[in-house]
Amino acid sequence: MGRVVITLIQVSGISAIPENLTSPNSVEKIIFQALKNDPNFYYYESINDLLFELSLRKNIISSAILMSRSSVSFEVFSTSRCNPKYWHLTSNGGFSLKSGVFPSEAIEDIFKNGSLYGFECATAIMIIYYHAVLKSIDQSLFNQLFRNLYLYSWHADSDLGIHSKNMDYIIPGDVVYFNNPDVNPRVIWLRGENAVLLSDGRFFAHGVGIQTGKEIIRFLNENRKPGSTISAYQTQYITRPAFNYLSQFSRPMRVNPSQTKFQYAVIHHNQPSISCEQYYNFLTRYYQ
């Protein structure tokens, strides 16, 4: 069985991936083993691209844990808050990077001065992604790539390559969605939870903390309509950044990133705690 599964990870130019690619008992080793066990196909142009994905996934996990230990709070869009030294709080509850501020410093400040910040769980995931990428590439390049940083729900810079798809197997560092279809309207922000899968099998969800999947479902079930018999559940939709695309920024750049690049419209929907799938449904309808 192991020989069959490992062939689903292919690296251009080599016939077999070294077993000592990662350190024993490391987070990267756990992630690599999960990739090997995944029945889906993974292709990499080089070993470095594979190593980059392992590193970025590890940093997503580390950033999620760091957020769980910070003093940031959960807030809906109408009560969002941020540090005015780095961000302008928009009327929609988004955070717009102030002129003259380095994106790296603004993202780091969220983790350093968490008590000044409040946001909902989709925005939390985007902050985790940016923080993890910052830890994975050169800081000056990060500042070039994300100089127009704007935080609101699932809105993402195009270079992150955020995408969501239906899968029945998840890898540590993936983001999943717990849906609460019968949520009590009095706590509509508990319609669901976006959560990062950690290396120990638990999840981090902003506003809930680090919990098992069953504990998150139990928490959501406690916030259903009175008398509801419809349980919350973990969906099969997972969200990831474009690991292979982002890996190019971990190598020395021969040219500077494009000064002009396509950026998605921002959909100010005012619905906290929606899934990435739902946000991109809004985006698709906007472009149609």
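With a 1.4 Å probe and all protein chains left in place, how much accessible area per residue does segment 168-288 have, in Å²? Numbers along the way, then the final one.
On the way: 6400 Å² over 121 residues.
Spelled out: the 1.4 Å probe surface of segment 168-288, per residue, equals 53 Å².
Please report the relative contact order for segment 162-266, taking Cα pairs under 8 Å with a sequence separation of at least 6, and give it as a percent rounded to a whole number. Before the final figure, lay out the partial values.
Numbers: 157 pairs, mean separation 35.9, N = 105.
RCO, segment 162-266: 34 percent.
Could you work out the relative contact order of the chain, using alpha carbon pairs under 8 angstrom and six or more residues apart, expressed as a whole percent?
On the way: 491 pairs, mean separation 57.7, N = 288.
It comes to 20 percent, rounded to a whole number.
Please sort through the DSSP H helices of the chain and keep those with an alpha-carbon extent of at least 24 Å along the long axis and a Kyte-Doolittle average not below 0.0. Working shown, then result.
On the way: long enough: 47-69 (33 Å, 0.58).
In the chain, the long hydrophobic H runs are 47-69.
Quick check for you: with a 1.4 Å probe and neighbouring chains kept, what is the accessible area per residue of segment 29-75, in Å²? Can you show the working numbers first?
On the way: 1900 Å² over 47 residues.
In whole numbers, segment 29-75 has 40 Å² accessible per residue.
Counting only C-alpha contacts under 8 Å and six or more residues apart, can you give the relative contact order of segment 133-193 as a whole percent? Provide the component values of the computation, followed by the final result.
Details: 22 pairs, mean separation 10.9, N = 61.
It rounds to 18 percent for segment 133-193.
Can you give me the long-range amide H partners of His163? Hydrogens built in the peptide plane at 1.01 Å from N, cutoff under 5 Å, separation of 5 or more residues or another chain.
Excluding prolines and chain starts, which carry no amide H, the hits are Arg240.
Using a 1.4 Å probe on the protein heavy atoms, what percent of the accessible area of the chain belongs to carbon and sulfur? Working shown, then result.
Details: 6790 of 13600 Å².
Percent of accessible area from carbon and sulfur atoms in the chain: 50.
Give the long-range amide H neighbours of Arg224: residues separated by 5 or more places, or on another chain, with amide H under 5 Å away, using H modelled in the peptide plane at 1.01 Å from N.
Amide H to amide H, under 5 Å and 5 or more residues apart or across chains, Arg224 pairs with Asn184.
Strictly over 19 Å apart at the Cα level, which of Lys85/Lys261; Lys58/Lys98; Lys29/Lys58 would you flag in this model? Mind showing how you got there, number by number?
Details: Lys85/Lys261 27 Å; Lys58/Lys98 29 Å; Lys29/Lys58 10 Å.
Checking Cα-Cα distances, Lys85/Lys261; Lys58/Lys98 exceed 19 Å.
How compact and how long is segment 105-207, expressed as Rg and Dmax of its alpha-carbon atoms in Å?
14.9, 46
Testing the spin-label approximation: label points 7 Å from Cα along Cα→Cβ at Asn281 and Ser46. State their distance in nm.
Placing both labels 7 Å beyond Cα along the Cβ direction yields 4.1 nm.
Would you please state the base-10 log of I(q)/I(0) at q = 0.13 1/Å for the chain, with intensities from the Debye formula using one equal scatterer on every alpha carbon?
The calculated log intensity ratios at q = 0.13 Å⁻¹ are -0.92.
For segment 190-199, what does the Karplus curve 6.51 cos²θ - 1.76 cosθ + 1.60, with θ = phi - 60°, yield as ³J(HN,Hα) per residue in whole Hz, taken in order and with x for Gly and Pro?
So the J values, rounded to whole Hz, are 9, 5, x, 9, 8, 9, 8, 6, 8, 6.
The values are calculated or read from the model by the stated rules, or taken from the named source; none is laboratory data. This structure is a prediction, so every number in the text was calculated from the model and none was measured. No Cβ is skipped: glycine too gets one built from the backbone with ideal geometry, and neighbour counts run over all protein chains shown. Ligands, DNA and RNA are excluded from the accessible area calculation, which covers all protein heavy atoms including side chains. Shrake-Rupley method; radii C 1.70, N 1.55, O 1.52, S 1.80 Å.
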